[in-house]
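Worksheet for the structure shown next.
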Amino acid sequence: MRASASLRGLVRETALTADRLVLPMFVAEAGDAREPIATMPGVQRLSVAAAVREAREAAALGVSAVMLFGVPAEKDEQGSGAWDEQGVVQLATAAIKQAQPDVLVITDVCLCEYTSHGHCGVLRTGPHPPYVDNDATLELLNRTAVSQARAGADMIAPSDMMDGRVGTIRRALDDDGLTETPILAYSAKFASAFYGPFREAADSTPAFGDRRGYQMDPANAREARREIAADVAEGADMLLVKPALPSLDILARARADYDLPIGAYQVSGEYALVKAAAERGWVDERRVVLESLVSIVRAGADFVITYAAADVAAWLREDDR
């Protein structure tokens, strides 16, 4: 059954298509229209206008969904730029939806890109070292989600990993009349070493400590099941596992346990490692990227968030010719 390309194609079990891909974009409030990110070759910080063009070009290749991360010009202790009606993500969302209504715009709901200290929530200080105040952060996440949905976001994606945020965001959206806005929950998000390049791109490296107090220990699979179950119970419409390749067992188990749509995020470190090896001629970038994405879909992902989305869509189109 492997004797020819045609026969292999006939019995292939897992299909990778452009409409399974989501393109993440960093939208910057200040700076050049396109600012290269050194640790992520091929990825740039974009102005709002450049983000509109990027979304249009991706859609032309068959990538019909983008995820927006904001890089504000100014930050403060609370991360108030996250819910500013004139914030960079809100402006980019409105601009993309006006220019390309068919593009699905997913917005990241987190404070780390907007706080001066780089953590995903507001801090409580006292006699002990500062730590993220879970419950105080929830109200700010609510405001952020509502603000983004009002701007036209098709889907809200809370990535902060605060306990209870899915339920409270659902109530906030419903109370504002945004009952049709779905929630893509980062349900199993591990405190991973693979996030390094993202933190440069979003200028969100914590000023002190790390995020292991609220992101999950990569060693814990049973805890991941509990976290996923909690998000389902709170009303999540879709689930996300992050990072992708190091978490394929978590993804496969979630697929077996739930019928909700499930995605996986091929994160910045996964992308950068392949790019670096390919630049040195150590691996075939196209084959490695396609194989990794197929493995993620094979494990159970309905869709994959990947910085390589546009390249992959172009490769798939070439293969169809």
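What follows is calculated from the coordinates using simple rules that are stated; it is not laboratory data. This is a predicted model, so every value here is computed, not measured. A quick note on method: Cβ atoms are made from the backbone with ideal geometry, for glycine too, and the neighbour counts reach across all protein chains shown.
Here are the numbers:
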read-out	value
Linear extension gain, Ser116 paired with Ala219, 0.36 nm per residue minus alpha-carbon span	34.1 nm
Rounded FRET efficiency, nearest 0.05, which uses the C-beta distance separating Ala252 from His128 and R0 of 51 Å	0.85
Gain upon complete extension [Asp135, Asp19; 0.36 nm per residue less C-alpha separation]	38.1 nm
Per residue convex hull volume, Cα atoms of region 229-321, in Å³	104 Å³
Taking Tyr186, Tyr195 and counting other C-beta atoms within 10 Å, the order from fewest to most	Tyr195, Tyr186
Antiparallel content of DSSP bridges confined to the chain, in %, to 5	15 percent
Farthest toward positive dipole pole in region 17-320 [+1 Lys/Arg, -1 Asp/Glu at C-beta], among Val48, Cys110, Ala256	Ala256
Mean projection area, nm², convex hull over Cα of the chain	17.2 nm²
Extension gain (nm, one decimal) between Ala73 and Arg212, 0.36 nm per residue minus Cα-Cα	47.3 nm
Fewest-first ranking of Trp315, Trp282, using other Cβ atoms within 10 Å as the exposure measure	Trp282, Trp315
Relative contact order (percent, whole number), the chain, Cα cutoff 8 Å, 6+ residue spacing	18 percent
Contact order relative to length of region 1-94, as percent, for alpha carbon pairs under 8 angstrom and 6 or more apart	30 percent
Three-way shape label, region 1-101, alpha-carbon gyration tensor, a/c 1.5	prolate
FRET efficiency, Asp102 to Asp176 (Cβ-Cβ, R0 30 Å, nearest 0.05)	0.75
Most positive-pole-ward Cα, Gln148, Gly79, Gly209, against dipole of the chain from beta carbon charges	Gly209
Order of Ile228, Ile169 under a 10 Å beta carbon neighbour criterion, fewest first	Ile228, Ile169
Whole-number D in µm² s⁻¹ for region 179-234, Kirkwood Cα-pair radius fed into Stokes-Einstein, 25 °C, 0.890 mPa s	187 µm²/s
Check: the chain dipole with +1 on Lys, Arg Cβ and -1 on Asp, Glu Cβ, in debye	1000 debye
Val288 paired with Glu57, simple spin-label distance in nm, labels 7 Å along Cα-to-beta-carbon	2.3 nm
